[in-house]
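Engineer: If you scroll down you'll find the structure; I have some questions about it.
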Amino acid sequence: MDHERSCVFQQSGPDDWGPFPSSSAPVSPILALVGFIGLCLLVAAVDGSMAVRALHYSHRTLRAPAGVMPVWALAPAWTVLSAMIGVAAWLVWKRLGAAPSLRLWGWQLAASALWAPVFFGLHSPGLALGVLAVLLLLVGLTIRTFRRFDRRAAVLMIPYAVWCLYVGYLNAGFLLLHSRLV
């Protein structure tokens, strides 16, 4: 088995499956799809609940940069983006199995999960902007890597990159509006 097909969900890719399931049967494509999307939705739900709670309590006291989306729109936006990110990873998984490119995808998901606790939990827009810079780098690398294996997967990641740029704009806006220097 080559390095590109190392283990995350299974020991082999979908192309290696035989006609008969064994006791160590690989993950079915449908179960993998549910897993990828579910993981993305879990990260979005945890981060979203933290964001909504923080926005609810600070809405009246914090000045916000222009273009802040209404709180009610966060859940639908994150649901769609999470599904797209999950499907993108699944498309690459179907082609390669558990490959290093999926580890890169996992790192960008971890960076995404870290941003909300830093911004909302630690109330540190400066540090959150640093996390976001790393996230944008990882998303860009993920798109580039996915493009080599499945162009559809790369295209599905692009709206997420745009969303991260939007969040970066808001993050920088909050930093500027609430820094002691301004």
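The values are calculated or read from the model by the stated rules, or taken from the named source; none is laboratory data. Bear in mind that the values here come from a model prediction, so they are computed numbers and not experimental data. Cβ atoms come from the backbone with ideal geometry, glycine included; neighbour counts cover every protein chain shown. Note: areas computed on protein heavy atoms with side chains; ligands, DNA, RNA excluded. Shrake-Rupley method; radii C 1.70, N 1.55, O 1.52, S 1.80 Å.
Engineer: Work out the charge dipole of the range 90-182 with +1 on the Cβ of Lys and Arg and -1 on the Cβ of Asp and Glu about the Cα centre, then indicate which of 155, 108, 120 is farthest towards its positive end.
Structural biologist: Result: 155, furthest along the dipole toward the positive end.
Engineer: How large is the accessible surface per residue of the range 32-133, computed with a 1.4 Å probe and reported in Å² as a whole number?
Structural biologist: Accessible surface, normalised per residue, equals 49 Å².
Engineer: Using only Cα atoms, locate the centre of the range 121-182 and the centre of the range 51-120, then give the distance between them in Å, rounded to an integer.
Structural biologist: 9 Å
Engineer: Moving on. For the range 45-167, which whole percent of the accessible surface, found with a 1.4 angstrom probe, sits on carbon and sulfur atoms?
Structural biologist: Result for the range 45-167: 72 percent of the exposed heavy-atom area is carbon or sulfur.
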